[in-house]
Amino acid sequence: MAISYLPLGSVDISTRPNRRKAVSRIIGVLSLICSEEEAYMYRIPLNLQGGDAYAAAEESTVMLTEAICALVDAY
């Protein structure tokens, strides 16, 4: 299933309530991406968990979680 990673499209963000809705959509998309990255990370076999792919997935999930938290705190 293809997912659009551009959740805003042609949304009017000229008012605060509209911006809050847009940020909420962005948080949802980031959460989905983070979940998928975590799932990928947990599918990596134990003998490869010290490798670059695992480290990149782990770093991605940490950064995405931090971004989500920052957006939640801001709005």
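Just give me the residues in the range 44-62 being loosely packed, with under 13 Cβ neighbours inside 10 Å and closer than 17 Å to Leu32 by Cβ, in sequence order. Matches in the range 44-62: Val62 only. Under the condition of being surrounded by fewer than 11 Cβ atoms within 10 Å (Cβ to Cβ) and at pLDDT below 95, which residue from the range 63-75 is farthest from Ala39 (Cα to Cα)? Within the range 63-75, the match that is farthest from Ala39 (Cα to Cα) is Ala74. Could you tell me whether the range 35-58 includes any residue that is in contact (Cβ under 8 Å) with a residue 24 or more places away in the chain and either more than 9 Å from the chain's Cα centre (by Cα) or part of a loop (DSSP other than H, G, I, E, B) (or both)? No - not one qualifying residue is present in the range 35-58.
The values are calculated or read from the model by the stated rules, or taken from the named source; none is laboratory data. Being a predicted model, the structure only gives us computed values, none of them experimental. Here Cβ is always computed from backbone atoms with ideal geometry, including for glycine, and neighbour counts include all displayed protein chains.
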